[in-house]
Structures are given as structure tokens and as C-alpha cells.
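Trainee: This structure is in C-alpha cells; I'll ask about it shortly.
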Amino acid sequence: MIVDRKIAPQIHDAIEFDYILPSINKEKLNNGLPFYWFNAGVQDVVQIDWVFPAGLWQEQKTAVAHTVAALLKNGTTKYNAEQINEALEFYGAQLKVAANNDYGTITLYSLTKHLPVLLPIVYEIITDAQFPEQEVELHKKNAIQKLLINLRQCEFVANRHIDALLFGEHHPYGRYTKKEDIEAITRQDLLQFYNAHFNIANMQIFMAGKMGSIEVKCMNDIFGNSSIYQQNFLQRNTFEISSSNEKANRITNDINGVQGAVRIGRLFPDKQHPDFAPMVVLNTLFGGYFGSRLMSNIREDKGYTYGIYSSLVAEKNGGSLVVHTETGRDVAEKAIIEIYKEMELLCNEQAPDEELLLVKNYLLGGLLGDLDGPFSILRRWRSIILNGFTDEHFNNNINTYKTVSPEKLLQLAQKYFNKKDFFEVMVI
């Protein structure tokens, strides 16, 4: 068939497409550990995530979770930090360890063919990390220096304070690290946290890339045959949210500063709440992308900032809605006034159909990119599983993004964009 080049191809909106999340294999290794994997991609590479309940939510002492994550691969009984790094570099692999509010995650990127060599090293790190004293002290010195440098940045200070105002300084989501917290960390603190929360019995494994039965067997041989003498049932920590009584906070971080950081936020339900999915659409319209209301007004029209965004932050045990921007010192207060004006407009007027269609296409177009590669698909599945959802949750969200009405968004704005519910932080 000859294509007529004089006829332009038909253009389709992203909202018209079907969105299918590829299924993932769910099985258990020989010792009962959950293992989620799928075969996808054309390059001989894989991503593997080992996920543990080892985030800030679990720590009893401030800064321990991040310190454990930073030092986890810095030495075992068999390998020192240099040997581990040399092995990873030799095989062209990358190993990352991170701790967020709820989880600690070890991530390996590797050529598929090198897994038989690299997986035993990762197993050694997970089961026999030593946290050598000299590594601990070096990390503490570097962490303190990094903190002192960051504290000069108004945006860093603003981020710390908005979380503390929303959740309270003693809540894991609001607590922030101070110099004395880092100084107080001991090797024994790290070992206690590591032994309790990086216990292999609490581990979940996620894997994707060009793989098959051979790689599954390799994973099972190394991690599935390890002895789990007893399930390590962790006590579920509970914390009370203790929001500040002060709604508006003005902080002078640099008396000669010419730029200010603005954060305006409120508490918001987690992903389990029925308002979360439609609120994703409203937040996108409000400040979630470059063509948003906030960007059009405060950047394009007023010229107060180079960029302004709002974000829905969903943690396992709660969430927040936060507007964040950096502006000139002389226009920071004016920017705050305009942010509330945009909230008020959304509370009083329905979004035009044309604007809402643009937002939906942007949101769904981004999802098309997320479903394009095995690693991004794995991240989406990991989020679904860790939040206790199924693929039906994904399908329901897609339907919400496609069908949510201007009337529904108006109701949500009236519910969640009430000025009295928001906290303000401005740091100069």
C-alpha cells in the first residue's frame, strides 16, 4: 500500500488511547520471600529492587535510616568498600541504596549475564553489612558539612519547615535532621537498625528487564535458599500528627539575601482515599505542569518567578499538597497573594472544557511514557504492590483521569483549597 504523503495523519488525543499495565509475575522463592518480576525490553539489562521496611517511619533515632542507607555497601566481613565498588565498576553495574519516609531500597542495574557474579555480592551486603567505625566517622563529618552548606539555601530551609508545620517536628514526615543528631549517631545505632529492619525475612524483591527462567532460578538459588529462622514481625509504629498553631511563618536565613523560597501547603489524604485520583487532575491544572494556572499567572503574566509548581505528596501513612517556588525577595509576598487568588478562582468557577481536556491529555500522555520501558513499569508496579493495590487500582485511576468532570473538580477545590487550611513558609 502506497502512503499518500499529501494527506496528514489523523491526530488523536491521549485521552482516546487505551492504557494497559503489563502484568507482573507474582511468586515466592523457596523460603517464602515474595518475588515480583516480568520480562520486557530488548537490551540485556535488568533492574532489581530489594525493598525493606527501613525508612524514617521505623527509626527510633533521627538520621539513622539515611545513615544506614549511605553506609550499607561500605563493607562486609568478606569485602571492604573499595572491593565492592571495584566489583561493581568491573562489571559495569550500578548499586544504589536509599531511604525515604517509609522504605529502604537497594537497587541494582546490571547486564543480565553478570547476575551470577553480582547477586552474591548484594546478598552479602544485605546479610552481613559491618558499618566499619572509620566509615561511620567519615560519613558523619561529610554529612555535617553537607548539612551546613544546605542550611545556607533558602529552599532547603523552606522544605524542612513546611513539613514540620504540617506534621509536627516529632512525626517522621515532619522531623528534620540537625547537626547534633548526626553527631550523636553511633555504629551500634546503625547495627541495631540494620539488624531489625534490613532483616531478610521482611524483604520484597522486584525485578524487570530482559530476563527469564534462568534469571529467576539464579535469584532463587541465592536468595531463596537462605535460611529464615523466624519471621521478623515488626511492631507497627504509630505517630500522632501535630500541626503547628502558626499558619504563616517568615524566616530570615540571610539578611542580605535577594531571593526568597515560598512554600504553601496543607495535609492531604493518602492514595487510599477516593479523592486522591481526581485531585491529581485538579492539582495538574492548578500547578502540576508548565501550562498550569500558577505558571501562567505568576511566571508568565507577573514575572515573579522562573517556575512554580504544586505537588501531591503521597506517603504510606498520609500526604500533603504543597505549592513551591523561589522568587525575588521584593515580590515574595505578592506571589503568595496570587497563589491564593488562583485557589479562589478554582473554588468559584468551573474549569473550561478546553482547558480540562488539555490537562487530561498532558496527564495521560505522561502515563504513555511511563508504560514505555520495563524499568518505569516496574516502578509503577512496585508502588501499586507496596500500597496494597492491584492492577484494578491502575485501571480505575485511568478512568478517573479520562472522565472527571468540571463539576467534580469544582467540588474538590471547594473542599481542599480553603485558605484557612494552608500553612505558609517564606524564607529569605
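Trainee: Residues in the range 387-412 that are under 18 Å from D18 (Cα atoms) and of a type in the set (A, V, I, L, M): how many?
Mentor: 2
Trainee: Residues that are closer than 18 Å to I377 by Cα and outside any loop (DSSP other than H, G, I, E, B): does the range 8-25 have at least one?
Mentor: Yes, the conditions are met somewhere in the range 8-25.
Trainee: Of F52, F38, which residue is modelled with pLDDT under 95, among the aromatic types (F, W, Y) and within 24 Å of the chain's Cα centre (by Cα)?
Mentor: Checking each option against the conditions leaves just F38.
Trainee: Kindly establish whether A143 is buried (at least 16 other Cβ atoms within 10 Å of the Cβ), in contact with a Leu (Cβ under 6 Å, 6 or more places away or on another chain), touching a residue at least 40 places away in the same chain (Cβ under 8 Å) and closer than 20 Å to G104 by Cα.
Mentor: No: the conditions fail for A143.
Trainee: Return yes when A98 is within 26 Å of E315 (Cβ to Cβ) and either among the charged types (D, E, K, R) or in a helix (DSSP H, G or I) (or both) and no when it is not. Give the steps one after another, and end with the answer.
Mentor: On the way: within 26 Å of E315 (Cβ to Cβ): yes; either among the charged types (D, E, K, R) or in a helix (DSSP H, G or I) (or both): no.
Answer is no for this residue.
Yes or no, residue by residue, for (1) buried (at least 21 other Cβ atoms within 10 Å of the Cβ); (2) within 19 Å of the chain's Cα centre (by Cα); (3) among the basic types (K, R):
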residue: A164; (1), (2), (3): yes, yes, no
residue: R175; (1), (2), (3): yes, yes, yes
residue: K178; (1), (2), (3): no, no, yes
residue: E183; (1), (2), (3): no, no, no
residue: Q192; (1), (2), (3): no, no, no
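Trainee: Follow-up question, since we're still on this one. Q60: within 20 Å of the chain's Cα centre (by Cα) and outside any helix (DSSP H, G or I), yes or no?
Mentor: no
Trainee: Name, by its number, the condition in (1) under 30 Å from T238 (Cβ atoms); (2) β-branched (V, I, T); (3) outside any strand (DSSP E or B) that does not hold for V117.
Mentor: The one condition V117 does not meet is (1).
Trainee: Another question, if that's okay. Is there a residue in the range 248-261 that is in a loop (DSSP other than H, G, I, E, B) and of a type in the set (D, E, K, R)?
Mentor: Looking through the range 248-261, at least one residue is in a loop (DSSP other than H, G, I, E, B) and of a type in the set (D, E, K, R).
Trainee: Output yes when any residue across the range 69-88 is under 24 Å from the mean Cα position of the chain (by Cα), part of a helix (DSSP H, G or I), at pLDDT 95 or above and under 30 Å from R263 (Cα atoms), and no when none is.
Mentor: Yes, the range 69-88 has at least one match.
Trainee: How many residues does the range 248-287 hold that are of a type in the set (K, R) and loosely packed, with under 15 Cβ neighbours inside 10 Å?
Mentor: Number satisfying all stated conditions: 1.
Trainee: Starting from the range 1-27, take each residue that is more than 26 Å from K210 (Cα to Cα) and list its partners that are surrounded by 11 or more Cβ atoms within 10 Å (Cβ to Cβ) and modelled with pLDDT of 90 or more, counting only C-beta distances under 6 angstrom and pairs at least six apart or across chains.
Mentor: Note: pairs meeting the criteria are D13/N361; A14/N361; A14/L364; A14/G365; I15/K360; I15/N361; I15/L364; I15/K402.
Trainee: Given the conditions (1) surrounded by 15 or more Cβ atoms within 10 Å (Cβ to Cβ); (2) under 24 Å from the mean Cα position of the chain (by Cα); (3) at pLDDT 95 or above, which single one is not true for I149?
Mentor: If we test I149 against (1) surrounded by 15 or more Cβ atoms within 10 Å (Cβ to Cβ); (2) under 24 Å from the mean Cα position of the chain (by Cα); (3) at pLDDT 95 or above, just (1) comes out false.
The values are calculated or read from the model by the stated rules, or taken from the named source; none is laboratory data. Everything numeric in this text was worked out from a predicted model, so none of it was measured. All Cβ positions, glycine included, derive from the backbone under ideal geometry; neighbour counts span all protein chains shown.
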